[in-house]
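Contents: one structure, followed by commentary.
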Amino acid sequence: MKSALDQAEAVQGAAAAAVRLTPRRGRLLREMAKRYDLYLMLLLPIGWYLLFQYGPLYGLQIAFKNFSPAKGILASEWVGLDNFHRFFDSYYFNRLLWNTFTINLFSMLVAFPIPIALALICNEIPSRKFGKWLQNITFIPHFMSVVVIVGILNVFLSPETGPINALIEALGGQPIRFLEDASWFKPIFIGSNIWQNMGWQSIIYIAALSGVNPQLYEAAKMDGASRLRRVWHVSLPGIVPVIVIMLILDIGHFMDIGFEKILLMQNNLNIEASDVISTFVYTTGIQKGEYSYTAAIGLFNSVINLILLLLVNRFARKVSETSLW
Amino acid sequence: MRKQWKKIAIGTMIVPALALAGCSSGNNGNNGNASASPSGSSVVSETGFPLTEKPVTLKMFTRIAPANGPFKDMPVFQDYEKMTNVHVDFTEAPTDGFQEKKNLLFASNELPDALYRSGLTQLEATRYGASGQLIPLEDLIDKYAPNLKKLMDEYPEIRSGITTPEGHIYAIPGIVTLGAARTDKKWINQAWLKKLGLQMPETTDDLYNVLVAFRDKDPNGNGKQDEIPMTARAGTPGQGLPIVNLMSGSFGLDQQLGYNINIADDKVEIWMGSDRNKEMLQYLNKLYKEKLLDPQLFSQTEAQYLAKQGSGATGVFFDQTNNNFLPIQDQYTGMAPPAGPHGDRLQAQASPIARDFGAFAITNVDKYPELTMRWIDYFYSDEGSTMLRFGREGENYELRDGVPYYTDKFLSVEGAQGKITPYAGGGAPHLIDDHVASFINPPQVQEAQEKLDPYMPKVRYAAPMFDEATAQKVNELRNDIDKYYEEQSTKFIAGALSFDKWDEFQKTLKKMNIDELQKIYQDAYDTMKK
């Protein structure tokens, strides 16, 4: 129903636009001339995008070539899809895809709702002081560098000297070599990510919650809604658009999160679970100089990412009327 | 307004995602593909010092190890500049991340005049040589490097180990004629052996029993079970497992042609899928399971490993010298390779005479290749090597019977030795022979080497040089196979993978075309024999 209406509106709009095309363009130019200073400011970010985001796209062609630095990008020999075939036929292909997918999927399933819950809690805490305190405590870890975080993990989880294993031993268990066990890799990686980022990610929800109309709460209170009911029926619906946008933004990074951290945590004993596309690109491409091959892998990765993003956006538009475009 | 915001947001997102793939390329510079060197040769004098009348500056890219100080403060480069009239401007990249910095230099084509202590792999040398970024050096060596040439004539395997099938030399190695600098000794805690009344282990079973005693009988006498019976370096991912390389000889697994290869009756066998290898991994797994092998074997850092050597709490470990445990050196002695279950007794781990392949190379932007060649050649003489390794006479070293020794005063300053010489940290392009070995080859190390000598393979074939296409093929095959072998061996040893999976392991190696790789090495061996 809704989409039919939308369509009708869109058709109307298009027709109207066609009629008014010329005057509109003139108006845009006049508008631009009038606010030229604002548009001048826009030049800087546009330039940045052209230079650092669109410019490098030119180099993508090496994915289809046998790139030789001395010959340069254009003169390198064209090999078609060879690099892609090599990747698809590789022994590591399934593992890389599986790990990249599962790590991100679990991260999303587990890590995505937590900041929302945290924001709702902060919002409901009657003491403002305690609420602020909680917020600060939870977002401080966000400012630590990845190297420090992995260092902390190493210290805490060390089988010889770490407090976690000391506790396990005190309770009569055997120390666990957390960081050298493939089955522990994903829980540790995702868990520490949550710890590090939940406070930071909750900020945007807290901001959104403050924008919910207080009259709605009062009305709900009048109707005898309990605190939980108010969260469920007022707070949550109030921030759904933000949640959806954040979800789509997260999907936009679906295939490329946590590269440095994974690389730092990786070793031969957990690599079964920790080998992902981005670390493979780094170790093979940058360290072994296989630029064309890894450019192909990177391109493949990005294309999957783009498809996911388009799918999720379409899905979100269908079910919740909120989407990026 | 809101719609617009969304558009911008989506734009900001997709574009970086797409750009990810392209980000490693960023090159379009094609500056000067010409491999012919522009003139400038006239500056160099044919013989003697200074190398040039007119001062010349050369830019070199180098690796700086944690032990080193800045290169410009090293006495060798200060004094050598005065001698030669050549100023060298070093760009120092730390060992961590050196490999990627080096690759990016070539990928972006922003090259220095030369690469010093560059650790180029054979593939890199062939690849960048074929593309013209590195210049061929064979003629320059003939004309301008008398010391190096003499060494190459004396040891023909140097030349064959660095010359491509087309007859070019793109990189000069660090040359080690001193046998003791090419092996890792097997150090065993003789103080513990004596205290527990044990014999020096002669077989792998003996070794097992000794390690059990080290673990259980509290040889360091502190009442705690804190002894580490055996440990080894963790190794760098992609470069093999040190513990495997060090123990393989006892299981009849040699390391010929610079790879996991046995040669018998002119047949090349890559032994990674063999039953002997299974036996070795099972043995190591037994040690690991019973805590006879250091549980940190796969995760310790170099610093942790060196600290264990000096702590005296370790039973058996492996290293080239005794430099890391000098204060307690009497506790340790060298051990011969133990004989394995089939009676094999081999010191498989050993480097060829051209130990540090790709230590020095000249690029196509160097205006003075002749001068550069003369500059580096000096370090392949005793005199030059002494200067490089020992610094300044009087200040850093003194001559005893004509042989350089660090002065006691200089050695008493902790950490000072590594600061003054680029050899500390390995891989410097120079000659290591008896003359300059007083520090790395003291009597204790010589003795430990003598224990190994009878068990060295009769011939050691160096890694063969392939032509570019073959080198690329070998690289593709080995990227997959080596990664797989390393991972699976680690898991077999650590017990994360059961030996029931051995068949699967063999099958996967086959699937990765290990036979094709073996064929390539066989061909290379046949060509070499001809």
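Details
- If you check A:ASN154, A:ASN123, A:ASN165 for being part of a helix (DSSP H, G or I), farther than 23 Å from A:VAL242 by Cβ and in contact with a Ser or Thr (Cβ under 8 Å, 6 or more places away or on another chain), only one passes: A:ASN165.
- Some residue of the range A:316-324 being more than 9 Å from every other protein chain (Cβ to nearest Cβ), surrounded by fewer than 18 Cβ atoms within 10 Å (Cβ to Cβ), under 16 Å from the mean Cα position of the chain (by Cα) and touching a residue at least 12 places away in the same chain (Cβ under 8 Å): no
- Where strands (runs of 3 or more DSSP E) fall entirely within the range B:167-286, those with at least 2 residues that are under 30 Å from B:THR121 (Cα atoms) are at B:172-176, B:185-189, B:261-264, B:267-270.
- Failed item, numbered, when B:THR321 is tested on (1) touching a Leu at 6+ places or on another chain (Cβ under 8 Å); (2) in a loop (DSSP other than H, G, I, E, B): (1)
- Just one of the listed residues (A:ILE152, A:ILE194) is more than 30 Å from A:SER323 (Cα to Cα) and not charged (D, E, K, R), namely A:ILE152.
- Screening the candidates B:GLN522, B:GLN488 for the property of being buried (at least 17 other Cβ atoms within 10 Å of the Cβ), within 30 Å of B:HIS168 (Cα to Cα), polar (S, T, N, Q) and not assigned by TED's automatic domain parsing to the domain that holds B:GLY167 yields one hit, B:GLN522.
- Filter result (in a helix (DSSP H, G or I), of a type outside the set (Phe, Trp, Tyr) and within 10 Å of chain B (Cβ to nearest Cβ)) within the range A:251-276: A:ILE251, A:GLY252, A:MET255, A:ASP256, A:ILE271, A:GLU272
Rundown of residues vs (1) closer than 21 Å to A:ASN301 by Cβ; (2) surrounded by 15 or more Cβ atoms within 10 Å (Cβ to Cβ); (3) more than 10 Å from chain B (Cβ to nearest Cβ), yes/no style:
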{"position": "A:GLY47", "(1), (2), (3)": "no, no, yes"}
{"position": "A:ALA63", "(1), (2), (3)": "yes, yes, no"}
{"position": "A:LEU74", "(1), (2), (3)": "no, no, no"}
{"position": "A:GLY80", "(1), (2), (3)": "yes, no, yes"}
{"position": "A:PHE101", "(1), (2), (3)": "yes, yes, yes"}
{"position": "A:ASN104", "(1), (2), (3)": "yes, yes, yes"}
{"position": "A:ALA111", "(1), (2), (3)": "yes, yes, yes"}
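- The set of residues from the range B:131-145 being in contact with a helix residue (DSSP H, G or I) (Cβ under 8 Å, 6 or more places away or on another chain) and more than 27 Å from B:VAL459 (Cα to Cα) comprises B:GLN133, B:LEU134, B:ILE135, B:PRO136, B:LEU137, B:LEU140, B:ASP142, B:LYS143, B:TYR144, B:ALA145.
- Residues located in the range B:123-139, provided they are surrounded by fewer than 23 Cβ atoms within 10 Å (Cβ to Cβ) and in a helix (DSSP H, G or I): B:LEU123, B:ALA130, B:GLU138, B:ASP139
- Taking the conditions (1) outside any loop (DSSP other than H, G, I, E, B); (2) modelled with pLDDT of 90 or more in turn, B:SER42 satisfies each one other than (2).
Results for (1) of a type outside the set (Ser, Thr, Tyr); (2) part of a helix (DSSP H, G or I), shown as yes or no for each residue.
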{"site": "B:ALA424", "(1), (2)": "yes, no"}
{"site": "B:SER438", "(1), (2)": "no, no"}
{"site": "B:PRO454", "(1), (2)": "yes, yes"}
{"site": "B:GLU486", "(1), (2)": "yes, yes"}
{"site": "B:PHE492", "(1), (2)": "yes, yes"}
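- On the stretch given as the range B:325-338, residues that are over 19 Å from B:LEU198 (Cα atoms) and either in contact with a Lys or Arg (Cβ under 9 Å, 6 or more places away or on another chain) or surrounded by 20 or more Cβ atoms within 10 Å (Cβ to Cβ) (or both) total 1.
- Residue check, B:GLN239 under 27 Å from A:THR284 (Cα atoms), touching a residue at least 24 places away in the same chain (Cβ under 8 Å) and out of contact with any Phe, Trp or Tyr (no Cβ under 7 Å at 6 or more places or on another chain): no
- Residues of the range A:279-299 that turn out to be within 7 Å of chain B (Cβ to nearest Cβ) and part of a helix (DSSP H, G or I), as a count: 8
The values are calculated or read from the model by the stated rules, or taken from the named source; none is laboratory data. Source: prediction; values computed, not measured. Reconstructed Cβ throughout: ideal geometry from the backbone, glycine too, with neighbour counts over all protein chains shown.
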